[in-house]
Structures are given as C-alpha cells and as structure tokens.
Amino acid sequence: YAIRVRRSTDNTEQDIGFNLNDDLDIRALLDFVGSGSGYVKTWYDQSGNAVDATQSTTSAQPIIVSSGQLMMVKNRVAVKYDGTDDALRFSRTISDDFSILACFSTIAGVAGAGGQWYTHAGIVDMEVLGTTNDFGITADTAGNVYTGVGNADSSLYLSNGGYNDGFMHHVTMIRKKSTGEFREYTDSGYFNSRSSGNTNSLTAATAISIGRVQTNSLASLNGYISEVLVYASTLSNSNRVTLER
C-alpha cells in the first residue's frame, strides 16, 4: 500500500495502494473519501523495511483530499501540511553517514533568512532541545532551504531563495560522520557544504518528523511533501544526480 487514509465523514480508515502504472490509486482514494476530506494516518515505507511514517493524533494528520478534491501541485498529487501542527513521524534508522532527499512545495516558510535550521519550517527534522546530536531540513519565509546539525549547532542555507513559489522542488542533505561535513543540494543546481566539527553519531531522537520541526509546532510547513527518501550512506555525486532526476 501507499498510504492509510482516514475520512472525515465517519473517521473510517482504509489502505490505498497503487494503480497499474505504480502511481497512487486515485480512483480508490476518491471512492473511499467521497465528498468529505481524507487525512493521511500512515505513509507506508516502500523499501521493504517497514519504516512507516505515522500520525495517530487526528488533528495533526496532513490532508490529501479536501471536500472531495485531491491536493495537488501542478497536476501531481501531494500530501498537504497545514503550517500549524501537521506531521508524520518515522523511526530513525540513521545515525552516522546518511543521505536524505525530500520533494516539497511551500508558499510560506517560517522566520526570516538566517539563524539555525530549527527556527524555520520543518521539512524533514529530528531536532531535540538542548545540546544534542540532531539534524534537520527546513525552509524560511523567503524560500531559502536550510540543513543543519547540532552539538554544536551548525546550519547552512542557499541564499538564492525563491523556493516558496508553489512549485515542487527537491533538496538533498548528505552527512559524513568521519569529517563532520554536511552538504546541501537543490534542484536549481545550487550546492553548499560545511564542516560542523561534529563527528558523533546523530542519535538524539528515536524518530524523525516530516512536515514540522520535531520540538516546535510553530515551525511547521505550510505546503506539500510528495516524497522522502532516506539512505544510511553518503550517496556518490552520480547516484545523487540520478536519484534527483
């Protein structure tokens, strides 16, 4: 299955799979939801490892159908986060070297340019309060995309901005434990990197949040996320480019 959806009319839940083209089965989704709204309770991991992203609190479940209408970005279905408290969470299976790619669309972001990643709208995040070995990917009001790690806090962003334009974009974060370096790539071909000095395992949290900074509901994404890919390794440049394409 792709997702487990709760419909607003009676709170019944149902798993929704894929069609013959391996796309989300939109017909099954709309038939189930009807004229009401559909909220994502579970976003199923497709790796075979059952690292599913879930949300049991109904008020914090992101939406995929609103009053019978699919949530879409430029004709592509995507999960919509409300900018208030929506989030899906999955178990952290990475701690040392890793690569994360997220496809997102936003119209807002949180806070102005600059500062640490956790002051902005969460895309993929495991921030924990205090001096801890955490990390995250976020966006600000100018459409700048951030990546960062903690202990000590170190963030970077690409100041070209403009990613809060309502279109779908992607960001990739790659972290190498032995050097403490982390890198950020975006779909416009921009790249930045920084050595944080943190060569510890990033093990502060047992779960990772999609759609908000884990410890701060004020830092929630007002926008869409259609894909999150996590690797427990540093992707080579050629593999990263292939994946992003």
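Quick one: which residue in LYS80, LYS74 is in contact (Cβ under 8 Å) with a residue 40 or more places away in the chain, open to solvent by 50 Å² or more (accessible area, probe 1.4 Å) and under 19 Å from the mean Cα position of the chain (by Cα)?
Matching residue, one of LYS80, LYS74: LYS74.
Looking at segment 1-23 only, could you name the residues that are of a type outside the set (Asp, Glu) and part of a strand (DSSP E or B)?
ILE3, ARG4, VAL5, ARG6, ARG7, GLN14, ILE16, PHE18
Do we find a residue being among the polar types (S, T, N, Q) and in contact with a Cys (Cβ under 7 Å, 6 or more places away or on another chain) anywhere in segment 198-208?
no
Condition first: part of a loop (DSSP other than H, G, I, E, B) and open to solvent by less than 10 Å² (accessible area, probe 1.4 Å). Now tell me which residues in segment 104-126 satisfy that.
In the first step, residues of segment 104-126 are kept if they are part of a loop (DSSP other than H, G, I, E, B); the result is 107-116, 120, 126.
Passing the criteria: HIS120, MET126.
Go through (1) open to solvent by less than 10 Å² (accessible area, probe 1.4 Å); (2) part of a strand (DSSP E or B) and name the single condition PHE90 misses.
(1)
List every residue pair whose Cβ atoms sit under 6 Å apart, with the two residues 6 or more apart in sequence or on different chains, where the first one lies in segment 95-118 and is of a type in the set (Val, Ile, Thr) and the second, anywhere, is open to solvent by 10 Å² or more (accessible area, probe 1.4 Å).
Close Cβ pairs (under 6 Å, with a partner that is open to solvent by 10 Å² or more (accessible area, probe 1.4 Å)) amount to ILE100/VAL230; THR106/ASN164; ILE107/ASN164; ILE107/GLY166.
Of the residues in segment 192-222, how many are without any contact (Cβ under 8 Å) to a residue 24 or more places away in the chain and closer than 20 Å to VAL171 by Cα?
Of the residues in segment 192-222, 1 are without any contact (Cβ under 8 Å) to a residue 24 or more places away in the chain and closer than 20 Å to VAL171 by Cα.
For segment 5-20, which residues satisfy the criterion of being open to solvent by 60 Å² or more (accessible area, probe 1.4 Å) and within 17 Å of GLU227 (Cα to Cα)?
PHE18
The values are calculated or read from the model by the stated rules, or taken from the named source; none is laboratory data. Being a predicted model, the structure only gives us computed values, none of them experimental. Every residue, glycine as well, gets a Cβ built from its backbone with ideal geometry; the counts of neighbours run over all protein chains shown. The area values use the complete protein model at the heavy-atom level, side chains included, leaving out ligands, DNA and RNA. Shrake-Rupley method; radii C 1.70, N 1.55, O 1.52, S 1.80 Å.
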